[in-house]
1. Is it the case that ASP274 is part of a loop (DSSP other than H, G, I, E, B) and either surrounded by 20 or more Cβ atoms within 10 Å (Cβ to Cβ) or among the acidic types (Asp, Glu) (or both)?
2. Go through the range 221-247 residue by residue and tally those that are assigned to a loop (DSSP other than H, G, I, E, B) and touching a strand residue (DSSP E or B) at 6+ places or on another chain (Cβ under 6 Å).
3. Scan the range 74-103 for residues that are over 16 Å from ARG233 (Cβ atoms) and either within 25 Å of the chain's Cα centre (by Cα) or of a type in the set (Asp, Glu) (or both) and jot them down.
4. Quick one: which of GLY201, GLY218 is surrounded by 23 or more Cβ atoms within 10 Å (Cβ to Cβ), touching a strand residue (DSSP E or B) at 6+ places or on another chain (Cβ under 8 Å) and over 25 Å from SER107 (Cβ atoms)?
5. Identify all residues within the range 15-50 that are touching a residue at least 60 places away in the same chain (Cβ under 8 Å), part of a helix (DSSP H, G or I) and either closer than 29 Å to GLU283 by Cα or under 19 Å from the mean Cα position of the chain (by Cα) (or both); write none if there are none.
6. Going by the conditions given, is ASP274 within 25 Å of TRP126 (Cβ to Cβ), within 21 Å of the chain's Cα centre (by Cα) and among the acidic types (Asp, Glu)?
7. Output the number of residues of the range 96-121 satisfying the condition of being farther than 14 Å from GLU188 by Cβ and either surrounded by fewer than 15 Cβ atoms within 10 Å (Cβ to Cβ) or polar (S, T, N, Q) (or both).
8. Name the one entry in ASN125, ASN183 that is of a type in the set (S, T, N, Q) and either surrounded by fewer than 17 Cβ atoms within 10 Å (Cβ to Cβ) or modelled with pLDDT under 95 (or both).
Amino acid sequence: MKNKSGKKASATFQLHPEQAALVPDVSGNSINGQGEIDFRRPTRIYWHKPDAIPHGKMQAWMVERFNRVPVFRSIYAEGDRGPGKLDPVAMHRTDVSNDTRVTGLKSFALQHEADLVGIAKLDRNWTYQDCETRTEPWIVVLGVEMDHVKLARSPSSDEDTASALEVATQYNRGARAAAHTANWIRGEGYHSSAHAGPWAGSLTVTPAAMACGFGELGKHGNIINRQYGSSFRLSAVLTDMPLIADEADEFGADDFCTRCQVCINACPVSAITDDKQIVRGVEKWYVDFDKCIPYFNETHGCGICIAVCPWSRPGTAPRLAEKMLHRRQRRAKEGQSIVPE
């Protein structure tokens with residue numbers, strides 16, 4: 001049987017013995033706060049220093065397997081991720097209005113490899129519990145589109161590397177966009193720091209991306225954007241430059257996900273469910289960490305759920321967004337509940 005990505009599904013996936021020996025006693029779902037009714041900040045769980053997280057040995061094993069494949073190893077070892085050291089902050093600050101400053105910032109980022117740019121006031125609750133709270137007042141979130149044809153070949157293997165290479169390539173592009181944007185801000189006389197994946201920093205970027213208008217959280221745990229679907233990656237810049245926050249963008253993706261079954265049916269390990277979960281006091285779509293990550297580790301990052309998402313097909317998201325938005329507006333006028341047909 002094949003899933004929608006064209007790959008053979010594995011309902012009986014078995015952990016590699018080496019990885020099985022590294023699974024910690026604590027559940028990743030527990031660390032994430034699944035089922036917790038009280039709000040709290042997130043806890044570091046993956047893409048951090050291995051000795052700082054319970055699943056660090058699993059992460060290190062995955063990275064070591066990734067680096068065994070020469071083409072994977074070279075893309076990070078030799079790939080261009082932008083300036084390794086940011087420029088010094090200019091001595092004098094430019095004297096312009098906030099509107100002019102925001103226009104200049106966004107124009108620069110879009111001309112330097114970013115496909116999406118959004119600005120949000122930094123919420124301290126986005127900082128991981130065991131990390132120092134950031135003091136910068138603003139976060140600039142950048143999005144870079146992925147090549148869906150390459151992504152659709154997920155999951156990757158040692159022999160078929162297209163999907164994982166595309167993810168790595170776009171993480172590098174996001175890193176360059178963030179570094180160059182941070183340098184532009186420094187040239188204007190303000191402090192800034194760049195943050196890019198796959199490694200996580202002191203805060204989680206996804207809620208910031210949603211706050212600044214990148215889209216809505218999908219059933220597969222990724223943002224759905226009205227232009228690129230879920231086929232994009234994030235990077236960010238923190239800064240003290242006075243800016244103007246963008247608004248969140250809700251256009252009906254959440255409504256669509258309520259009925260859609262595509263990613264559920266395609267997931268080889270049944271990590272995606274049909275119901276939202278309570279996670280640290282918030283009801284949201286949630287992907288089972290303990291089922292997802294082992295498969296993710298053994299397929300160089302999986303990516304099936306993003307690849308099969310109807311919103312990710314090139315040219316589809318704008319049409320779906322318009323359709324869902326019109327449906328939402330019509331039913332709101334009629335006073336009906338919003339349920340996609």
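1. yes
2. Number of matching residues: 6.
3. Scanning the range 74-103 gives SER74, ALA77, GLU78, PRO83, GLY84, LYS85, LEU86, ASP87, ASP95, ASP99, VAL102, THR103.
4. GLY218
5. GLY28, ASN29, ILE31, ASN32
6. Answer is no for this residue.
7. Counting residues in the range 96-121 that are farther than 14 Å from GLU188 by Cβ and either surrounded by fewer than 15 Cβ atoms within 10 Å (Cβ to Cβ) or polar (S, T, N, Q) (or both) gives 3.
8. Checking each option against the conditions leaves just ASN125.
The values are calculated or read from the model by the stated rules, or taken from the named source; none is laboratory data. Just so it is clear, the model here is predicted, and its values are computed rather than measured. Note that each Cβ is placed from the backbone with ideal geometry, even for glycine, and that neighbours are counted across all protein chains shown.
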